[in-house]
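The values are calculated or read from the model by the stated rules, or taken from the named source; none is laboratory data. Just so you know, these numbers come straight off a predicted model, no measurement behind them. With ideal geometry, Cβ positions are generated from the backbone for all residues, glycine too; neighbour counts draw on all protein chains shown. The protein model used for the area step is the full one, side chains on, heavy atoms only, and it has no ligands, DNA or RNA in it. Shrake-Rupley method; radii C 1.70, N 1.55, O 1.52, S 1.80 Å.
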Amino acid sequence: MPATTLEQVVALAKRRGFVFPSSEIYGGLQGVFDYGPLGVELKNNIQSDWWRTNVYERDDMEGLDAAILMNRLVWKYSGHEETFNDPLVDCRNCKSRWRADHIKGKCPNCGSTDLTEPRPFNMMFKTQVGPVADSDSFAYLRPETAQGIFANFANVLATTSRKLPFGVAQIGKGFRNEINPRNFLFRVREFDMMEIEYFVMPGTDEQWHEHWLEARLSWWAGIGVPRDQIQVYDVPKADLAHYSKRTYDLMYNYPTLGYQEIEGIANRTDFDLGSHSRDQEKFGLTAKVIPNSDSLARLTYFDQASNRHIVPFVIEPSAGVGRCFLAVMSEAYDEQIVKAPPADKVDAVAQALQAFLKSVGRNEKLAAETRDALLERGEAIAAALPEALPQIETLLGMPGADQIEVGKKLRGQAQPVADEHFRTVLRFVPKIAPVKVAVFPLKRNHEGLVGTAKGIRKALQKTGMRTVYDDTGAIGRLYRRQDEIGTPFCITVDFQSLEDGTVTVRDRDTMAQERVASGELESYLREKIG
Ligand code: ATP
């Protein structure tokens, strides 16, 4: 069954080295994560698919990689110094701090409603630039990559001779000093963003906004986040950012979290170019901009048809890589029965689970919220046995579970059944899977099998498909390990391979095996992986 909780996805991401907490050896740093050996592959694949779709496969796009540090004036005229704020409240009882619009008037730490009035908290990080530390020598770490594109608008136009409409794409780090980072990769303080600024003639902006909405939804479907899992939220006027005429937020249905923003697609009008431009007053801007006496450039486009300089409107699709990563993993996640577990074993697990829940209910040392969370999860699992049986491991990993003595017995009953009768599979679309192919020798101490398998690995890796070799277990166990990280194909070299040059190729999703001649592996896999 698919993931019913975010914890299942997070547990797998940690267990298999997709994501680690940053600086874990020193207790971590809140809201910051590192991508591990598999995570970096998945992240790179997502980013390069986005780049391929939005830059290479279109005729109207350029790429850019602007610096993270920029002149402070960029953030003055972009409006960020003034308005990039979240509402901060203090709990007078326990002294914790919260983002007011996330907590509904009650402190999540101690439950008190004695909170201060919300006050604006600017989310931009500051850093020192140069050796002299005074009040003017700082710069901001950019909170979005977009401004690097606006600041380079005239450069790109001059060096590419583009005509409207055209766009500039960029992938890079953004930093936001979030008041309460939470939900794993969902709300963090350092993250990668994939942003497009698409410049259009004023008056055609609404039509291009619709175009980008469809284009983006189709990209999401192509990497495994289907249309029916995304809601398009037409942001009400009162909630729009200062630069926006209209914004569509794409809301993905995350396990546990429900529908949350995964991408914003904004009509930024002529606000940004207008704001950063010299001689702004000459161009009949529609946006209300900050008067600018510092800019050295006119950020305009010469329209031959009307024989005048105009300031283009901008459509901006902006997505966070981390939120995408989490959505892709959530969609791919599946726990599947491979061999029906016998009824008596399932009964034994069900009874151990009931004993565990009873003990949780009676335990007075657990905080009420911890107890309720365990009971709610446990009862949901009990109601969905045997399919939900592998989720018992996540239940036992929840806060408070380690204080329940009979938890050990429950694990002892559940784990062998989960191992023998279930598999966890990440059903990634093959093109974004971290590893495309794994190659195994049937026996690890047989020189011929090992040599052939290693040779196949090397040859396939040369074609650009990420290919790994493994001989550290029995074939069945090796398959399971690859299923869990979403490898679409496993190749086994056996004795027949040494005689006729064929190998077995096993498909992750169907578990079907096929014999394929070694010489045809590349084209066979290429066709399937796409
Ligand atoms: P939210 O309302 O969730 O704080 P936002 O509206 O401020 O998000 P945008 O400014 O539209 O977000 O940023 C564009 C995209 O960047 C978002 O759709 C999201 O995917 C990503 N993003 C924004 N803030 C974060 C964050 N703190 N951690 C991870 N991703 C983020």
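Just one residue in the set ASP239, ASP294 is within 16 Å of the ligand (Cβ to nearest atom), over 24 Å from ARG162 (Cα atoms), charged (D, E, K, R) and surrounded by fewer than 19 Cβ atoms within 10 Å (Cβ to Cβ); that residue is ASP239.
Name the pairs whose Cβ atoms lie under 9 Å apart, with the first residue in the range 127-144 and aromatic (Phe, Trp, Tyr), the second part of a loop (DSSP other than H, G, I, E, B) and open to solvent by 20 Å² or more (accessible area, probe 1.4 Å), and 6 or more positions between them or separate chains? Cβ pairs passing all conditions: PHE138/VAL129; TYR140/MET70; TYR140/PHE125.
Can you tell me how many residues in the range 221-236 are touching a residue at least 40 places away in the same chain (Cβ under 8 Å) and either open to solvent by less than 40 Å² (accessible area, probe 1.4 Å) or touching a His at 6+ places or on another chain (Cβ under 9 Å) (or both)?
Residues that pass the stated criteria total 4.
The residue pairs whose first member lies in the range 279-302 and is under 20 Å from THR83 (Cα atoms) and modelled with pLDDT of 95 or more, whose second member is of a type in the set (A, V, I, L, M, F, W, C) and open to solvent by 30 Å² or more (accessible area, probe 1.4 Å), and whose beta carbons are closer than 6 Å, counting only pairs six or more residues apart or on different chains, are ASP294/LEU73.
The residues of the range 413-466 that are assigned to a loop (DSSP other than H, G, I, E, B) and open to solvent by 30 Å² or more (accessible area, probe 1.4 Å), listed by number, are ARG427, VAL429, LEU442, LYS443, ARG444, ASN445, HIS446, THR463, GLY464, ARG466.
Only one residue in GLY17, GLY31, GLY39 is touching a residue at least 40 places away in the same chain (Cβ under 8 Å), assigned to a loop (DSSP other than H, G, I, E, B) and over 30 Å from ASN155 (Cβ atoms). Which one? Steps first, please.
Details: GLY17 fails: touching a residue at least 40 places away in the same chain (Cβ under 8 Å); GLY39 fails: assigned to a loop (DSSP other than H, G, I, E, B).
Step by step, each of GLY17, GLY31, GLY39 is checked, and only GLY31 is touching a residue at least 40 places away in the same chain (Cβ under 8 Å), assigned to a loop (DSSP other than H, G, I, E, B) and over 30 Å from ASN155 (Cβ atoms).
Give me a count of the residues in the range 242-278 that are charged (D, E, K, R), closer than 22 Å to TYR77 by Cβ and either within 11 Å of the ligand (Cβ to nearest atom) or in contact (Cβ under 8 Å) with a residue 40 or more places away in the chain (or both). Qualifying residue count for the region: 4. None of GLY284, GLY274 is among the small types (Gly, Ala, Ser), within 25 Å of ALA158 (Cα to Cα) and within 33 Å of the chain's Cα centre (by Cα) except GLY274. When the residues of the range 317-332 are narrowed to those that are open to solvent by less than 10 Å² (accessible area, probe 1.4 Å) and outside any helix (DSSP H, G or I), which ends up farthest from GLY39 (Cα to Cα)? Looking at residues that are open to solvent by less than 10 Å² (accessible area, probe 1.4 Å) and outside any helix (DSSP H, G or I), I get PRO317. Being crowded, with 19+ Cβ neighbours inside 10 Å and within 16 Å of the ligand (Cβ to nearest atom) is the filter here; which residues of the range 32-41 pass it? Correct list: PHE33, TYR35, GLY39. With respect to SER497, determine if the residue is of a type in the set (Gly, Ala, Ser), at pLDDT 95 or above and crowded, with 18+ Cβ neighbours inside 10 Å. Answer is yes for this residue. Note on the range 191-216: residues that are within 12 Å of the ligand (Cβ to nearest atom) and part of a strand (DSSP E or B) amount to 6.
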